[in-house]
Amino acid sequence: MKSISIKLCVVLITLFSNTLLAQEFQGKAIYQSKTTVDMDNFGGRQMSEEQKKMITERMKSMLEKTFILTFNRTESTYKEEEKLETPGSGGGPWRGMMSSFTGGPQYKNVKESKLLQEQEFFGKQFLVVDELETLEWKMQGETKQIGQYTCYKATAVKKVDEMDFMNMRRRRDRDNDEKEKAEKSKDSIDRDDPMSELEVPKEITITAWYTPQIPVNQGPGEYWGLPGLILEVNAGRTTILCSKIVMNPEEKEEIKMPSKGKEVTREEYNQIMKDKIEEMREMYGGRGGRGNRRF
């Protein structure tokens, strides 16, 4: 009888310990994100090499970033690493305006299929609430080494958000048949408005590399859904690559759902952005005015 009681205690302690470890499990991954921009005829006009270099340098803070993914088995946060502004780094009004059009810190819950994003837009704080998109990943059977981890390739076709500026392209970059259509309707394009020369593709092919050595259903940004942590993503002009992983750090960070800001859906937030862009076109494009819109 005493032996049975001891065995029962051992089983209960083991179960409790495993549950506790599962709850406390946490990892941290550092990602480098880089987006390329086609500077030829940028904004619909020819530029000198010096002008291209100047604009590229000004956009560097937006196109090259470091992100930190803090994750457990069901939740994660993904936010840009905070950096001190260095003198002469080309910040100022340009950076302030562009940062309003880029994504803020994200919270992801893969169990509840929930995606929340904090977003500051021209001085207003928003909380964008969305549902995690489930991608239909196709396993490709290829492998490669990223650091000490063996990674496997998977691809998926993803719909592109209409306000995704990182995937914006010139209209002439479309397929030949689309080019012909654009050529026929070129008179309808407003040459005084650079935005009329640009478009966002409806969908792009995503290539991801994940490692089963870290068996969590997580990844950078909105990417998830593979049987292992995603260490690299190639999406359109953007590449996101993991440069460092720390498993079960001594100082664990609380992963909590954000709550600050006016709660809006992604569709509502996109409309707010479109309204602001239209307002700026009227103010700075010499179109006459319907006055400033307010949020």
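In this model, which of LYS108/LYS138; LYS153/LYS252; LYS144/LYS202 are farther than 25 Å apart at the alpha-carbon? Let's see the in-between values first.
Numbers: LYS108/LYS138 22 Å; LYS153/LYS252 30 Å; LYS144/LYS202 30 Å.
Violating the 25 Å limit, Cα to Cα: LYS153/LYS252; LYS144/LYS202.
Taking each residue as 0.36 nm, the span from MET280 to SER48 lengthens on full extension beyond its C-alpha to C-alpha distance by 80.9 nm. Between GLU82 and SER259, the distance separating the two model label sites (each 7 Å from Cα on the Cα→Cβ line) works out to 2.1 nm.
Against the criterion of solvent-accessible heavy-atom surface with a 1.4 angstrom probe, MET273, MET257 sort, most first, into MET257, MET273. The packing ranking of peptides 70-79, 229-238, highest mean first, is 229-238, 70-79, where packing means the average number of other beta carbon atoms within 10 angstrom of each residue. Site pair LYS252 and LYS202 shows an inter-label distance of 4.6 nm when each label is modelled 7 Å from Cα along Cα→Cβ.
The values are calculated or read from the model by the stated rules, or taken from the named source; none is laboratory data. Everything quoted here is computed from the prediction, not taken from an experiment. Quick reminder, even Gly has a Cβ in these numbers, built from the backbone with ideal geometry, and neighbours come from all protein chains shown. Keep in mind that these areas ignore ligands, DNA and RNA; they rest on the heavy atoms of the full protein, side chains included. Shrake-Rupley method; radii C 1.70, N 1.55, O 1.52, S 1.80 Å.
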